[in-house]
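Data block below; observations after.
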Amino acid sequence: MQPESTARRTSTHGKRRHRKSFPLLALNLAIVLVVAGGTAAYGALSHTVTLTVDGKSDKIRTFSDNVADVLKSKDITLRPSDRLSKPKSDSISDGDTITVSYAKPITLAVDGTVTEHTVYDRTVGDAFNTLGVEPKSGSYLSAKTSSVIPRKGAQIVVSSTKSLTVIADHKKKTITSNAPTVAAVLKKVDVSLDSDDEVKPGKDAFVKPDAQLRVVRIKKVTKTETVPVSFKTTVREDPESSVGEENVVQPGKKGKASEKVTLIYADGKLRERIVLVSRSLAEPRPQIVERGTSTTPSDSVWDKIAQCESGGNWHINTGNGYYGGLQFSAATWHSVGGTGLPSDHSREEQIKRAKILQARSGWGQWGCAGARFN
């Protein structure tokens, strides 16, 4: 038999433990109900959709109500040229598919022909299919067909095996190569370039079938040269001479200069001469020419002299050693540029030579010079 105090404590403890069990059970039951209800609500409010971005597909569960919210939840930002299978404002349902295709600018070089395109393909091979490109066996490809094209775009090069002609160092060579660029072809044939050499077409140009590639060797030489300096001609008016008459009063004389120059040779031939520094060694002497301005017919003066000298017979040959209307000696005639004998030439030719003689030696060459005043 338990002592009274012990029995009381035991009885009281049992009642308290019994009272606590009801709230605990209620709480647990509530939690179960909430969890069960939440799961049901989650299933009712969410959607399972397939999101395909740049060819890669994922199934996602989302609470989003429309396409725009789905894209935002996945941090997908579209550019104006990108493609979307549904408008952003479209609502979504369970099982929907949303496809995002990125616009990718590509530069396509096929056997030297370069074109620009925008594709929505994931890989290089897909882009080839879209653009109708079928690389031949043995072709050079700048990227594998399985390579993913980045969103920013890419340059894709296809170069088939082709016949090419290389001209360099005065030699011509025909080769077969799938090298895509001029530089790559030159490297294959062991033609090196320095910084001044020229390549036609440019060394970075893509190679076309049957192309002719030319290397021009450029050599630059800097040196100092002594060179002639041309003189200038000054023309003065002479009112005492007829229009058309011209007299050199002072013959011109070339000067000299010392020039530091760069000579540019292309394949051994001088292409350009660039003057770097010039220093005068001797100044040129200008040529002074007097040009007649008188409109008075001067030929009439010579007719007067001829009338006195030869009776006006321009073709006279008397055998006295003087010829023609103005009675030139053969030696004097030749000294002013005449040919043959004066009597063999026209009046105009004889007057022309007489004017030269008069400008050089004056009117004293003719005894009948005073006749010009009659």
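The numbers here are math on the coordinates, done by the rules we state, and not lab data. What you see is a predicted model, and the numbers here were worked out from it, not measured in a lab. Positions of Cβ are generated from backbone atoms using ideal geometry, with glycine treated the same way; all protein chains shown enter the neighbour counts.
What the Cα atoms of the chain give is an Rg and a Dmax of 53.2, 194 Å.
Computed from the C-beta positions of LYS173 and ARG151 and an R0 of 41 Å, the FRET efficiency is 0.40 to the nearest 0.05. Of all aspartates and glutamates in the structure, those lying under 17 Å Cα to Cα from LYS188, and not within fewer than 8 positions of it along the same chain, are ASP169, ASP204, ASP210. Extension gain, ASP58-THR107: 0.36 nm per intervening residue step, less the Cα-Cα distance, totals 14.6 nm.
In this Cβ point-charge picture (+1 for Lys and Arg, -1 for Asp and Glu), the chain has a dipole of about 2920 debye about its Cα centre. Bridgeable lysines around LYS269 (alpha carbons under 27 Å apart, same-chain partners fewer than 8 residues away excluded): LYS171, LYS172, LYS173, LYS187, LYS200, LYS203, LYS219, LYS220, LYS223, LYS256, LYS260. Reported to the nearest whole Å, the Cα centre-to-centre distance from region 177-198 to region 44-93 is 50.
Around the amide H of ARG214, modelled in the peptide plane, lie the amide H atoms of ILE167, LYS200, all under 5 Å away and 5 or more residues distant in sequence or on another chain. Taking label points 7 Å from Cα along the Cα-to-Cβ direction, SER85 and THR165 give a separation of 5.5 nm. Of all beta bridges that DSSP places with both ends in the chain, some 75 percent have antiparallel geometry. Using the Karplus relation 6.51 cos²θ - 1.76 cosθ + 1.60 with θ = phi - 60°, the per-residue 3J(HN,Hα) values for region 58-70 come to 9, 8, 10, 10, 9, 8, 4, 9, 9, 4, 4, 5, 4 Hz, with x marking Gly and Pro. Computed from phi, the 3J(HN,Hα) profile of region 356-362 under the Karplus parametrisation 6.51, -1.76, 1.60 (θ = phi - 60°) reads 5, 5, 4, 5, 7, 10, x Hz, with x in place of Gly and Pro. Placing R0 at 45 angstrom, the Cβ-Cβ distance between ASP75 and THR130 gives a FRET efficiency of 0.95 after rounding to 0.05. Summing Cβ point charges (Lys, Arg +1; Asp, Glu -1) relative to the Cα centre of region 196-348 gives a dipole of roughly 1320 debye.
Computed from backbone phi with θ = phi - 60° and the Karplus coefficients 6.51, -1.76 and 1.60, the 3J(HN,Hα) list for region 94-101 is 4, x, 5, 10, 10, 10, 10, 10 Hz; x is used for glycine and proline.
In this simple spin-label approximation, THR318 and THR339 carry label points 7 Å from Cα along the Cα→Cβ vector, and these lie 2.9 nm apart. Volume per residue for region 98-210 equals 112 cubic angstrom (convex hull of Cα atoms).
Between 0 and 90 degrees, the angle of helix 299-310 with respect to the longest Cα principal axis of the chain falls at about 30 degrees. The alpha-carbon of LYS355 sits under 29 angstrom from the alpha-carbons of these lysines, leaving out residues fewer than 8 places away in its chain: LYS232, LYS253, LYS254, LYS304. The trypsin sites (Lys or Arg not before Pro) of region 126-224 meeting both criteria, a DSSP state outside H, G, I, E and B (loop) and at most 14 other C-beta atoms within 10 angstrom of the site's C-beta, are LYS136, LYS144, ARG151, LYS152.
Between ASP194 and LYS260, the C-beta separation translates, for a Förster distance of 25 Å, into a calculated FRET efficiency of about 0.60. Between GLN307, PRO251, LEU276, the Cα set farthest toward the positive side of the dipole of region 246-313 (charges on each charged residue's Cβ, about the Cα centre) is that of LEU276. Inter-label distance, GLU116 to ALA331: 8.5 nm, where each label sits 7 Å from its Cα along the C-beta direction.
Summing Lys, Arg as +1 and Asp, Glu as -1, what charge do residues with Cβ under 14 Å from the Cβ of ARG285 carry, ARG285 excluded? Residues close to ARG285 contribute a combined charge of +3. Once the Cα-Cα distance is subtracted from the 0.36 nm per residue extended length, the ASP299 to GLU283 segment shows a gain of 1.8 nm. Would you please state which residues of region 78-97 a label at THR50 would reach in this model, taking the label point 7 Å out along Cα→Cβ and a backbone N cut-off of under 20 Å? Of the residues in region 78-97, 83-88, 90-97 have backbone N under 20 Å from the label point off THR50.
Stretching the chain fully between LYS253 and THR99 yields a gain of 46.7 nm (0.36 nm per residue, less the alpha carbon separation).
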